[in-house]
Amino acid sequence: MDIMWKRVQTEEEIRQLASIADEVWHQHFSSILSSEQIDYMLDKFQSEHAMTKQMKEDGYEYYFIMADGVAVGYTGIKREKEMLFLSKLYVLKRYRGNGYASQTFHFLKEECKKSGLKGMYLTVNRYNDSTIAIYKKTGFKTVRTQVTDIGNGFVMDDYVMELMA
């Protein structure tokens, strides 16, 4: 299996990214979040307009995870002063279990090294047990919890996890 990471740049690619986000979020988060919160968060953080703004104004980079030319998922990052913020890492359900997330962690560690960053951090829903287990297996450590008001009566109840390079 030939794996690569293709940086998202065009409007059409952003549309494809938003479509993948919609599918992944409804599949994965339906047991953790209400459908109203999923739809709200998709619009606020993973819609075409939200990701376009993040990339143009906020310094985010999105990459398709490509396997044999097919987008099997995506990752979103932001390079900060000392750390890489891993904002998103999602693999479509039908492609999970093939090592794509593990290989993406390797890619992201290399990006940290290239950028002179000392590691990466992420936020993960405190009830997302399967994903937390993957992060722990990869070497991430929980450094704190945080609750963030995202509006419309919703909050993100997260662990902040770090992996030092």
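The values are calculated or read from the model by the stated rules, or taken from the named source; none is laboratory data. Computed from a prediction, not measured in an experiment: that's the story for all the values here. So basically every Cβ, Gly included, is an ideal-geometry build from the backbone, and we count neighbours across all protein chains shown.
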Taking the options 20, 77, 3, 65, name whichever one is surrounded by 13 or more Cβ atoms within 10 Å (Cβ to Cβ), hydrophobic (A, V, I, L, M, F, W, C), modelled with pLDDT under 95 and within 21 Å of residue 102 (Cβ to Cβ).
3
Residue ranges of strands (runs of 3 or more DSSP E) in the stretch 35-153 with at least 2 members under 18 Å from residue 9 (Cβ atoms)
60-67, 70-79, 83-91
Tell me yes or no: at least one residue of the stretch 157-164 is under 24 Å from residue 31 (Cα atoms), touching a residue at least 40 places away in the same chain (Cβ under 8 Å) and surrounded by 14 or more Cβ atoms within 10 Å (Cβ to Cβ).
yes
Output the residue which, of all residues in the stretch 81-98 that are in contact (Cβ under 8 Å) with a residue 12 or more places away in the chain and more than 15 Å from the chain's Cα centre (by Cα), is farthest from residue 5 (Cα to Cα).
82
Subset of the stretch 111-136 [at negative phi, over 17 Å from the mean Cα position of the chain (by Cα) and free of Cβ contacts under 8 Å to residues at least 12 places away in the same chain]
114
When you go through (1) in contact (Cβ under 8 Å) with a residue 60 or more places away in the chain; (2) surrounded by 11 or more Cβ atoms within 10 Å (Cβ to Cβ) one by one for residue 151, which number turns out not to apply?
(2)
Among (1) loosely packed, with under 11 Cβ neighbours inside 10 Å; (2) under 21 Å from residue 148 (Cβ atoms), residue 56 falls short only on (2)
First in the stretch 33-61 and more than 19 Å from residue 108 (Cβ to Cβ) and without any contact (Cβ under 8 Å) to a residue 60 or more places away in the chain, second anywhere and among the basic types (Lys, Arg) and outside any loop (DSSP other than H, G, I, E, B), Cβ under 8 Å, 6 or more apart:
48/15; 50/44
